[in-house]
Amino acid sequence: MKRRGGRSARKTAYALALAGSSAALALLFVWLGVVLRYVTVAMFAAAGVAVMAPVTKKYYASAVFAYLVSAGLGFLVGDVTTVAGYAIYFGPMALISAVMWEKNVKWFVSYPVKIVFINAALAALYYGLQALDVLAPDFAAYFDYWAIAILGTIALLLIDLFMNYLYRIVKRVLSRVIRDKNISSVTPEEIAAEDSGGDPPFDELL
């Protein structure tokens, strides 16, 4: 019983530490996305990968905590228009993708769900920011929503593929750094399974 209690305490400590680290790293990337305007999308994608990290160890509550903290504090370091992109799309999409990967959801199920979510997020950003009168008038005048929806869906699906690739790298690294079992009870086969590269980067479409 003591051994099990020790594992539980250690797992809780790992979950809290990983949640704090992920939140801090995600917030840093959100801030960089606000400051470095030309790489905002890349920084928000990186922030999404940061909040994915706890999911690699099945710490789902920690991942949600990291997202909420980074999104909430993000509005304190940047304007609503910019940070809304992370809060409404990149953060939640990162969690959705990571959980689907961990649950082995097939591509013919995951991609329709992602497409629906992408379009819901794009509509919320476009019409929501327009209603709040914070969307640039020239942007709304020159770009119809249907064009944004088509191009945005394609671009964000490609970004999602790359984020999933980075997620697998993070998972591989953390499998070597954080082991939930006592090292003495882990067999060589289990260690090899955790440390193996696993699937090819973009096999989700196969």
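Just so you know, all these numbers are worked out from the coordinates, no wet-lab data involved. Not measured: the values here are computed from a predicted model. So basically every Cβ, Gly included, is an ideal-geometry build from the backbone, and we count neighbours across all protein chains shown.
Below are the figures for this structure:
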quantity	calculated
³J(HN,Hα), Karplus 6.51/-1.76/1.60, whole Hz, each residue of segment 18-28, x for Gly, Pro	5, 4, x, 5, 5, 4, 5, 5, 4, 4, 4
Using θ = phi - 60° and Karplus 6.51 cos²θ - 1.76 cosθ + 1.60, couplings along segment 60-65 (whole Hz; Gly, Pro as x)	5, 5, 5, 5, 5, 4
Fully extended contour minus Cα-Cα distance, from SER21 to LEU158, at 0.36 nm per residue	46.6 nm
Residues VAL39, VAL51, VAL105, sorted so that the one with the fewest Cβ neighbours within 10 Å comes first	VAL39, VAL105, VAL51
R0 of 25 Å, Cβ-Cβ distance VAL105-TYR38: FRET efficiency to nearest 0.05	0.15
Flagged links, alpha-carbon separation over 19 Å, of LYS11/LYS114; LYS114/LYS171; LYS11/LYS106; LYS58/LYS171	LYS11/LYS114; LYS114/LYS171; LYS11/LYS106
